[in-house]
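Student: I'd like to ask some things about the structure below.
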Amino acid sequence: MKKKSHIMKLTRVIFGFLLFLLMYVFVFEISGSIPGEYNIRQGEEYIIDTQFPMSIAYKGVKDEKSTIIEIDKLNKSLLSLANINDQIKLTSLEKGSIELKYHILGFIPYKTLKVNVVPKIFLQPGGHSIGVRLNTEGVLIVGVAEITDIEGKKHNLAEVGGIRIGDSLLEIDGKPINNKYHIIELLQEGKGKTISLTLLRDGKRFNTEITPVKSGEDESYKLGLWVRDKTAGVGTLTFFHEETKKFGALGHAITDIETGSILSVKDGDIIRSKVVSIQQGKKGSPGEIRGLFYDVDLPIGKLQHNTAHGIYGEVEKEFLEKVDDGPLEMAFQHEIKEGPATILTTLDDNKIEEYSIEIVKVNSQAKASIKSMVIKVTDKRLLEVTGGIVQGMSGSPIIQEDKIVGAVTHVLVNDPTKGYGIFIQWMVEESGIFDKYQ
């Protein structure tokens, strides 16, 4: 009986330890402390620190991948056998990628770590105030309504067809929708026959069939959908890349003001904008930069993508030819430090100026997020004019130690001196610039 009791106690101890271990690893995972990918510049070194119970398996890689990267274990003491403070030095040699393996307790395979050796990337910093004009792919559904037919009966076609606010209507009977007026034209041509609608929701297309209702109000055929096909606003250019002509701006998505949905892009432009007024930010009330578009027939770039992490496209040749200042190197997230930094933005006289900030916190991230770091405005000039971070400053590039490290994305409503920034690495990936070096 005593032996059985001891076995049961031992089993409970082992089970408790394994449960604790799993919870510990889970916390590492959700905090982003276990990255799935590293980018290292060609010819440079980087040290990876792992904490118990994680370790990195690299045996065999040194011989097989010696043309791409060299790997050395720095701490070769007895403590390293327990995987405490495991340090691995990566020395990059040639462009390419290798895969290492995270292990739990040194023998349980857990996760793959991809290491990319990439060339140095230089970006022209932005800070320009820009106007954004966006035409959506199809039309965005921003509201639904009941239709009363000529006999006085009410119909909710959105409910019947499974259509929601925030969906995008792309096609009717296979014909791409150009704008909201195109829908009216197609419905009247169909004279009430059942039609097939192609819609987009959360990045996925789906089809539904609906029979338009002849309205008792004006005897026209309707679907009972309120739609929007374009939007415009102001923001800040983050960077552009002379070799590829690609640009990134805003650092966050352009969303519909009513639905919060990310607007899909059919086409659009970025154009010059002049700051005409500034509403200062206060606690509980975010401020705003109001801009005026000019040279609207001479866009400085073509808008191609609207993503959760910014807007992207290509700048015009004429814009590139007017660049005076030299480019700055792009920083990867492991190079960014808490401490002093600056931002470039446009306020008075349509002039880009540099203002002091502090990077308060850097969040280690395994995947892209608009909340990569917390920043605080420390520049007295900027605080006097804006109160801190205001709408319209989104996209302002963040500079640290002569490198572009990120872009301003959001303000903290309860403290306008503080806000969030996104790593420039995520924006460059979204822009497609990395494709040139693969």
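Student: Every residue in the range 359-389 that is of a type in the set (A, V, I, L, M, F, W, C) and more than 14 Å from Asp415 (Cα to Cα), please.
Tutor: Keep residues of the range 359-389 that are of a type in the set (A, V, I, L, M, F, W, C), which gives 359-360, 362, 366, 368, 370, 373-375, 377, 382-383, 385, 389.
If the condition is that a residue be of a type in the set (A, V, I, L, M, F, W, C) and more than 14 Å from Asp415 (Cα to Cα), then Ile359, Val362, Ala366, Ala368, Ile370, Met373, Leu382, Val385 are the ones that fit.
Student: Only one of (1) in a strand (DSSP E or B); (2) under 30 Å from Pro176 (Cα atoms); (3) open to solvent by less than 30 Å² (accessible area, probe 1.4 Å) fails for Thr238. Which number is that?
Tutor: (2)
Student: Restricted to the range 199-223, and to residues that are among the hydroxyl-bearing types (Ser, Thr, Tyr) and in a loop (DSSP other than H, G, I, E, B), which residue is most open to solvent (accessible area, probe 1.4 Å)?
Tutor: Going through the range 199-223, the residues among the hydroxyl-bearing types (Ser, Thr, Tyr) turn out to be 208, 211, 215, 220-221.
Applying the additional criterion that residues be in a loop (DSSP other than H, G, I, E, B) yields 211, 220.
Details: Thr211: 67, Ser220: 26 Å².
That would be Thr211.
Student: Whether any residue in the range 77-86 is over 28 Å from the mean Cα position of the chain (by Cα) and either at pLDDT 90 or above or of a type in the set (Val, Ile, Thr) (or both) is what I want to check.
Tutor: Going through the range 77-86, the residues over 28 Å from the mean Cα position of the chain (by Cα) turn out to be 77-86.
Those still in the list that are either at pLDDT 90 or above or of a type in the set (Val, Ile, Thr) (or both) too: 84.
Yes, the range 77-86 contains at least one residue that is over 28 Å from the mean Cα position of the chain (by Cα) and either at pLDDT 90 or above or of a type in the set (Val, Ile, Thr) (or both).
Student: For the range 348-366, give me each residue that is at pLDDT below 90 and under 17 Å from Ala407 (Cβ atoms). Steps first, answer last, please.
Tutor: Quick first cut of the range 348-366, residues at pLDDT below 90 only: 348-351, 364-366.
Scanning the range 348-366 gives a single hit, Gln365.
Student: Shifting gears a bit: Among the residues in the range 185-198, are any surrounded by fewer than 18 Cβ atoms within 10 Å (Cβ to Cβ), within 21 Å of His155 (Cα to Cα) and touching a residue at least 40 places away in the same chain (Cβ under 8 Å)?
Tutor: No, because not a single residue in the range 185-198 is surrounded by fewer than 18 Cβ atoms within 10 Å (Cβ to Cβ), within 21 Å of His155 (Cα to Cα) and touching a residue at least 40 places away in the same chain (Cβ under 8 Å).
Student: Looking only at residues in the range 367-387 that are more than 18 Å from the chain's Cα centre (by Cα) and part of a strand (DSSP E or B), which one is surrounded by the fewest Cβ atoms within 10 Å (Cβ to Cβ)? Explain how you work it out, then say what you get.
Tutor: Narrowing the range 367-387 to residues more than 18 Å from the chain's Cα centre (by Cα): 376-387.
Narrowing further to those that are part of a strand (DSSP E or B): 376-377.
Details: Lys376: 18, Val377: 24.
That would be Lys376.
Student: Same structure, new question: Taking the condition among the acidic types (Asp, Glu) and in contact with a Gly (Cβ under 8 Å, 6 or more places away or on another chain), does Glu146 pass? Write out each step before concluding.
Tutor: Values: among the acidic types (Asp, Glu): yes; in contact with a Gly (Cβ under 8 Å, 6 or more places away or on another chain): yes.
Here the answer is yes, as Glu146 does meet what is asked.
Student: Take Glu151 and decide whether it is part of a loop (DSSP other than H, G, I, E, B), over 30 Å from Thr91 (Cα atoms) and in contact (Cβ under 8 Å) with a residue 40 or more places away in the chain. Break it down into steps so the answer makes sense when it comes.
Tutor: On the way: part of a loop (DSSP other than H, G, I, E, B): yes; over 30 Å from Thr91 (Cα atoms): yes; in contact (Cβ under 8 Å) with a residue 40 or more places away in the chain: yes.
When the stated conditions are applied, Glu151 passes them.
Student: Could you tell me which numbered condition Gln304 fails, if it satisfies all but one of (1) part of a strand (DSSP E or B); (2) of a type outside the set (A, V, I, L, M); (3) open to solvent by less than 60 Å² (accessible area, probe 1.4 Å)?
Tutor: (3)
Student: Please pick out the residue among Ser220, Ser264 that is of a type in the set (Gly, Ala, Ser) and without any contact (Cβ under 8 Å) to a residue 40 or more places away in the chain. Reasoning before the result, please.
Tutor: Numbers: Ser264 fails: without any contact (Cβ under 8 Å) to a residue 40 or more places away in the chain.
Of the residues listed, the single one that is of a type in the set (Gly, Ala, Ser) and without any contact (Cβ under 8 Å) to a residue 40 or more places away in the chain is Ser220.
Student: Mind counting the residues in the range 241-264 that are in a strand (DSSP E or B) and open to solvent by 30 Å² or more (accessible area, probe 1.4 Å)? Don't jump to the end; show me each part of the working.
Tutor: As a first pass, look at the range 241-264 and keep what is in a strand (DSSP E or B): 246-249, 255, 262.
Applying the additional criterion that residues be open to solvent by 30 Å² or more (accessible area, probe 1.4 Å) yields 246, 255, 262.
So the answer is 3.
Student: Taking only the range 165-180 into account, find how many residues are modelled with pLDDT of 90 or more and open to solvent by 70 Å² or more (accessible area, probe 1.4 Å).
Tutor: 3
Student: Consider the range 269-291. How many of its residues are open to solvent by 80 Å² or more (accessible area, probe 1.4 Å) and touching a residue at least 24 places away in the same chain (Cβ under 8 Å)?
Tutor: Initial filter on the range 269-291 (open to solvent by 80 Å² or more (accessible area, probe 1.4 Å)): 274, 276, 282-283, 290.
Still in the list and also touching a residue at least 24 places away in the same chain (Cβ under 8 Å): 274, 282-283, 290.
The total comes to 4.
Student: Just wondering, is there one or more residues in the range 352-366 that are closer than 21 Å to Ser129 by Cα, assigned to a loop (DSSP other than H, G, I, E, B) and not small (Gly, Ala, Ser)? Let's see the steps before the verdict.
Tutor: In the first step, residues of the range 352-366 are kept if they are closer than 21 Å to Ser129 by Cα; the result is 352-357.
Adding the requirement that they be assigned to a loop (DSSP other than H, G, I, E, B) leaves none.
For the range 352-366, residues closer than 21 Å to Ser129 by Cα, assigned to a loop (DSSP other than H, G, I, E, B) and not small (Gly, Ala, Ser): absent.
Student: Follow-up. In the range 129-151, which residues are open to solvent by less than 50 Å² (accessible area, probe 1.4 Å) and out of contact with any Phe, Trp or Tyr (no Cβ under 8 Å at 6 or more places or on another chain)?
Tutor: Ser129, Ile130, Val132, Leu134, Thr136, Gly138, Val139, Leu140, Ile147, Asp149 - these are the residues of the range 129-151 that are open to solvent by less than 50 Å² (accessible area, probe 1.4 Å) and out of contact with any Phe, Trp or Tyr (no Cβ under 8 Å at 6 or more places or on another chain).
Student: A follow-up question, please. Residue check: is Val315 of a type in the set (Val, Ile, Thr) and either under 17 Å from the mean Cα position of the chain (by Cα) or open to solvent by 20 Å² or more (accessible area, probe 1.4 Å) (or both)?
Tutor: Details: of a type in the set (Val, Ile, Thr): yes; either under 17 Å from the mean Cα position of the chain (by Cα) or open to solvent by 20 Å² or more (accessible area, probe 1.4 Å) (or both): no.
Considered against the rule, which asks whether it is of a type in the set (Val, Ile, Thr) and either under 17 Å from the mean Cα position of the chain (by Cα) or open to solvent by 20 Å² or more (accessible area, probe 1.4 Å) (or both), Val315 comes out as no.
The values are calculated or read from the model by the stated rules, or taken from the named source; none is laboratory data. Because the structure is predicted, anything quoted here is derived from the model rather than measured. FYI the Cβ positions are ideal-geometry reconstructions off the backbone, even for glycines, and counts take in every protein chain you see. To get the accessible areas, we keep the full protein, side chains included, count just its heavy atoms, and leave off ligands, DNA and RNA. Shrake-Rupley method; radii C 1.70, N 1.55, O 1.52, S 1.80 Å.
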